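Notes follow the structure.
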């Protein structure tokens with residue numbers, strides 16, 4: 001059944017493409033955060049193991065919310081690794097060392113990349129594609145990533 005919510009099909013397709021790109025970025029971030037959780041080493045192991053676990057839990061919730069937003073708009077969420085790798089702004093490149101500082105710097109960079117992508121899409125989604133709901137939704141996601149980035153930055157001082 002077609003979704004009739006006051007947004008043209010063309011505009012919905014644009015919004016959903018943006019959301020599927022975000023979904024791909026979130027999955028790459030999730031895997032990299034899981035990697036940090038599983039593989040961190042050093043004298044701060046237990047503290048950082050727990051910290052990364054908290055962060056990937058938040059990302060897992062974001063992933064579900066993004067996918068559900070796509071479905072709310074009447075489209076299908078990307079759900080393959082191959083699809084995510086085609087859509088993502090990020091790279092799978094991994095680190096050689098497994099120290100917490102290196103993981104945190106890498107994850108911070110990814111959060112900041114996602115924040116910039118979200119910030120760049122807030123106005124186009126609202127004003128060009130006429131979807132204030134999704135614009136508001138990604139504004140909230142941006143704020144969540146800003147807080148997660150702050151937590152990483154605070155550890156790095």
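Tabulated values for the structure
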item	result
Test: residue in the stretch 19-34 that is surrounded by fewer than 14 Cβ atoms within 10 Å (Cβ to Cβ), free of Cβ contacts under 8 Å to residues at least 60 places away in the same chain and part of a helix (DSSP H, G or I)	no
Among the residues listed as 143, 92, 120, 61, the single one being under 14 Å from residue 29 (Cα atoms) and either in a helix (DSSP H, G or I) or more than 18 Å from the chain's Cα centre (by Cα) (or both)	61
Yes/no for residue 100 being farther than 19 Å from residue 154 by Cα, in contact with a helix residue (DSSP H, G or I) (Cβ under 6 Å, 6 or more places away or on another chain) and surrounded by 13 or more Cβ atoms within 10 Å (Cβ to Cβ)	no
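Each reported figure results from applying straightforward, stated rules to the coordinates on display, with no laboratory input. Remember, it's a predicted structure, so these values are computed and weren't measured experimentally. No Cβ is skipped: glycine too gets one built from the backbone with ideal geometry, and neighbour counts run over all protein chains shown.
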